[in-house]
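Okay, so here's the structure we're looking at.
Taken together, the values in this text are just the output of simple stated rules run on the coordinates, not laboratory data. Small disclaimer: the values here were computed from a predicted structure and weren't measured. A quick note on method: Cβ atoms are made from the backbone with ideal geometry, for glycine too, and the neighbour counts reach across all protein chains shown.
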Amino acid sequence: MKDVTVIGCGYVADLYMRSLTAHPEIRVLGAHDRDAARQAAFCAHWGLTPLPDPAAACEALPAEGLVLNLTNPKSHETIIRGCLRARRHVWSEKPLVTDMETAQSLHDLARSRGLQLATAPSSVLSQSAQGLGRALRMGVGGTPRLIYAELDDGFIPQAPYRDWKSESGAPWPAEDEFATGCTLEHAGYWLSWLIAHLGPVSRVVSAAAEVIPDKPGLRHAAPDFSVAALFFESGPVARLTCSIAAPHDHRLRIFGDEGVIEVGRAWDNHAPVRYRRRMRLRRRLLESPLARDVSLKGTHQPKPRRRGAARMDFALGPAEMLDAIAAGRESRLAGDYALHLTEVTLAIQEGAVRDMKTRCDPMEPMPWAT
């Protein structure tokens, strides 16, 4: 068995627990939350041992175990640093932290102690993401030149989010979401795929703004819209858009010399990967209306039951990380990758024009996706 403990028993923790039911090789040894009532409800619902504090969550684990940091972003630095000082590997919900100096400090601390520190999202390990990577490696669509990645979620302040509850009764954390901002919360879904398959971003040119003022419960909120041009070392340029104002659109389109590869749903681990060949018809140039499915064939991962807006296995990252720890290798989602993903995301949120100081190699594909 591989062991984890949970720190943070809020809304997202239920999504992790639901996903972990599809990974019987992983055992949850207990959970802690600073809100005693929330901890009690969560542990009662999932049949877990309540842990009195973060130190106990570390002590409950063997050396090769993993702490799942599912707290709100304001608590991430304190929790991660404490777990690393206790010599425990850490998987953290996104964003890892909200400033680059802290991210670098935590990265260095993990390295100095021979520990692994990784960050969500996990969807880069999904069947869809790995299928897209395989299509690119096989040259489907020709050389990629331009990418359009959309993460627009609709006009969220008018949504009935006060009615959104997790399985154990936790409310959707509206104030944390608005205070953190949709870029830090969501850009990683497509950004992680692009960094994994195309390699590091060399330059970010971004604009960000708060276009919906006076959000409920907040005097000052983070930007709720961002658009960034991402220049990859390998050549392609991507436009990544995040908002909680524009109508829901979670498409990814990669425009190559010969056609377009597209994925329609960022939050579906098994969304099809399709290719439309570019063609000339009389005096017109267009993409074929008939798309070819270039997804990975077969079922390489469990299909989690839909819960809320997403059909995602939140445990893919922790499971891969535990395998890496057991094998004595670095997790695909840890180290330089996690640091670079954090730097690029923060630059987008800040509306920066900036050359990146970090880099990482393209991600090694999962064995079943080669």
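With +1 on each Lys and Arg Cβ and -1 on each Asp and Glu Cβ, and nothing else charged, work out how big the dipole of the stretch 196-242 is about its Cα centre, in Debye to the nearest 20. Let's see the in-between values first.
Working: 4 positive and 4 negative charges, 6 e Å.
Charge dipole, the stretch 196-242, about its Cα centre: 20 debye, nearest 20.
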Derived scalar couplings ³J(HN,Hα) [the stretch 33-47; Karplus, 6.51 cos²θ - 1.76 cosθ + 1.60; whole Hz; x for Gly, Pro]: 9, 5, 8, 4, 5, 5, 4, 4, 5, 5, 5, 5, 5, 9, x
Projected label distance in nm at Asp108 and Asp257, using a 7 Å step from Cα toward the beta-carbon: 4.4 nm
Rule-of-thumb Rg ratio for the stretch 2-119 [Cα; 2.2 N^0.38 Å; N residues]: 0.99
The chain: relative contact order as a whole-number percent, Cα under 8 Å and 6+ apart: 21 percent
Check: the stretch 150-245 dipole with +1 on Lys, Arg Cβ and -1 on Asp, Glu Cβ, in debye: 200 debye
Average Cα contact separation per residue, the stretch 228-274, under 8 Å, 6 or more apart, as relative contact order %: 22 percent
